[in-house]
Amino acid sequence: MNLSAIEQSVLGLPEVERAPLVHFLLDSLDAPWVAKIQAIWLNEACGRADDIDAGNVNLASGKLFGQQVQALFR
């Protein structure tokens with residue numbers, strides 16, 4: 001079966017059957033990058049946790065941070 005035949009076959013499916021197929025195909029395109037992105041974020045989170053544990057950063061509450069951001073726009 002060539003690509004054109006597959007396209008025509010898939011387009012003949014009802015929308016309720018095509019939607020999961022679309023999601024499956026899109027997920028398959030992202031699959032190689034998902035693990036890499038998760039590893040990058042985990043490394044970032046661990047680095048930030050290490051900075052907090054070492055006292056290298058000044059922590060602020062979410063409320064204080066929100067007030068500081070709002071003050072920047074006044």
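Would it be correct to say that V10 is at pLDDT 90 or above and in contact with a Lys or Arg (Cβ under 8 Å, 6 or more places away or on another chain)?
In short, yes.
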Seminar exercise, completed: Only unsatisfied item for V34, checking (1) at pLDDT below 90; (2) exposed (fewer than 10 other Cβ atoms within 10 Å of the Cβ), is (2)
Exercise. Just checking, how many residues over the range 14-53 are among the β-branched types (V, I, T) and more than 13 Å from the chain's Cα centre (by Cα)?
Worked result: 3
For this session: Quick one: count up the residues across the range 60-74 that are loosely packed, with under 10 Cβ neighbours inside 10 Å, within 27 Å of the chain's Cα centre (by Cα) and outside any helix (DSSP H, G or I).
Result: 1
Seminar exercise, completed: Exception for M1 within (1) assigned to a helix (DSSP H, G or I); (2) over 24 Å from the mean Cα position of the chain (by Cα) falls at (1)
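The values are calculated or read from the model by the stated rules, or taken from the named source; none is laboratory data. Remember, predicted model here, so these are calculated numbers, not experimental data. Neighbour counts are summed over all protein chains in view; Cβ atoms, including those assigned to glycine, are modelled from backbone coordinates with ideal geometry.
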